[in-house]
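What follows is a single structure, written as structure tokens, with notes after it.
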Amino acid sequence: MLTPQAHTLAVLASGEGGNFESLALAAQRGELGGRIAALVTDNPEARAIERARRLGIECLCPPTGHFRTRIEDERPWLEALRARGVEVLLLAGFMRRLHHTLLGAFPGRILNIHPSLLPAFPGLDAIARAWEHGVRVTGCTVHLVDADLDAGPIVAQAVVEVAEGDSLERLTARMHDAEHRLYPQAVRRYLTEPWRTEGRRLVFGAGVEAPHG
Ligand code: GAR
């Protein structure tokens, strides 16, 4: 648990923005445990921008620099977030790795959603790679972000079964539905219940000291 009052959140997204919208709608219904102050994107073409406009949420597109997989200088991003009082970052299809400036400014305060049951299939194209592997179950994972790829302590997971006669398209649609249910629930729990980490494990529970208060 962080602090008892409603938190100020920002969502970072690079593309479609389906998870961003599910988070924003949950926040508008008062179900997220926080307020989304901004959508922050590295992609001026992202469909998420239209969704933010429609939802009345400020959209920021700070400079990314010359690299494809990381932000060259994270300081303007951090300044924009600090100027809005953002306490927690929610990555939702954000396709760049974060580095020490942002990771250090938000220790234990960055969440990500990944479309597999981590630690299986980290990285890109996780749904298609699980499908091609022939898995019988897959799912989605919400986890704390650290310096390693798709590897921080797990907040929540949901299982999605692969049916006989399934297709990658149908599986992908069910995966996205599962993500849109799981992410707001996981954020709410993370923001409103006591928790701490024990090694890799994130432990929820009453009586647990809240180190991030
Ligand atoms: C989601 O499936 C999300 O889990 C995935 O990108 C998609 C974004 O969709 N993220 C990753 O693969 C990160 N490793 P959206 O833009 O509609 O939320």
TODO: Can you work out which of the residues in the range 200-213 that are open to solvent by 70 Å² or more (accessible area, probe 1.4 Å) and more than 14 Å from VAL155 (Cβ to Cβ) is modelled with the highest pLDDT?
DONE: ALA206
TODO: Could you grab me the full set of residues in the range 121-138 that are among the charged types (D, E, K, R) and either touching a residue at least 24 places away in the same chain (Cβ under 8 Å) or not in a loop (DSSP other than H, G, I, E, B) (or both)?
DONE: ARG129, GLU132, ARG136
- [ ] Please indicate, with yes or no, whether at least one residue in the range 86-102 is open to solvent by less than 20 Å² (accessible area, probe 1.4 Å), touching a residue at least 24 places away in the same chain (Cβ under 8 Å), assigned to a loop (DSSP other than H, G, I, E, B) and more than 13 Å from the ligand (Cβ to nearest atom).
- [x] yes
Task: Matching residues in the range 49-73 - criterion: being small (Gly, Ala, Ser) and under 19 Å from VAL86 (Cα atoms) - done: ALA52, GLY56
- [ ] Kindly provide the set of residues from the range 180-194 that are open to solvent by less than 40 Å² (accessible area, probe 1.4 Å), out of contact with any helix residue (DSSP H, G or I) (no Cβ under 6 Å at 6 or more places or on another chain) and assigned to a helix (DSSP H, G or I), ordered by number.
- [x] LEU182, ALA186, VAL187, TYR190, LEU191
TODO: Evaluate the range 59-75: report whether one residue or more is assigned to a loop (DSSP other than H, G, I, E, B) and under 21 Å from HIS176 (Cα atoms).
DONE: no
Open item on the list: Tell me whether the range 148-163 contains one or more residues that are in contact with a His (Cβ under 9 Å, 6 or more places away or on another chain), within 13 Å of the ligand (Cβ to nearest atom), in contact (Cβ under 8 Å) with a residue 40 or more places away in the chain and open to solvent by less than 40 Å² (accessible area, probe 1.4 Å).
Closed with: yes
Task: Criterion (more than 17 Å from GLU169 (Cα to Cα), assigned to a strand (DSSP E or B) and open to solvent by less than 20 Å² (accessible area, probe 1.4 Å)) met by exactly one of LEU118, LEU81, LEU111 - done: LEU111
Task: Residue check for VAL160: of a type outside the set (Ser, Thr, Tyr), within 13 Å of the chain's Cα centre (by Cα) and either closer than 30 Å to GLU72 by Cβ or not in a loop (DSSP other than H, G, I, E, B) (or both) - done: no
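The values are calculated or read from the model by the stated rules, or taken from the named source; none is laboratory data. Just so it is clear, the structure is predicted and the values come from calculations on it, not from any experiment. Virtual Cβ from ideal backbone geometry, glycine too; neighbours counted across all protein chains shown. Heads up: the accessible areas ignore ligands, DNA and RNA and are worked out on the full protein's heavy atoms, side chains in. Shrake-Rupley method; radii C 1.70, N 1.55, O 1.52, S 1.80 Å.
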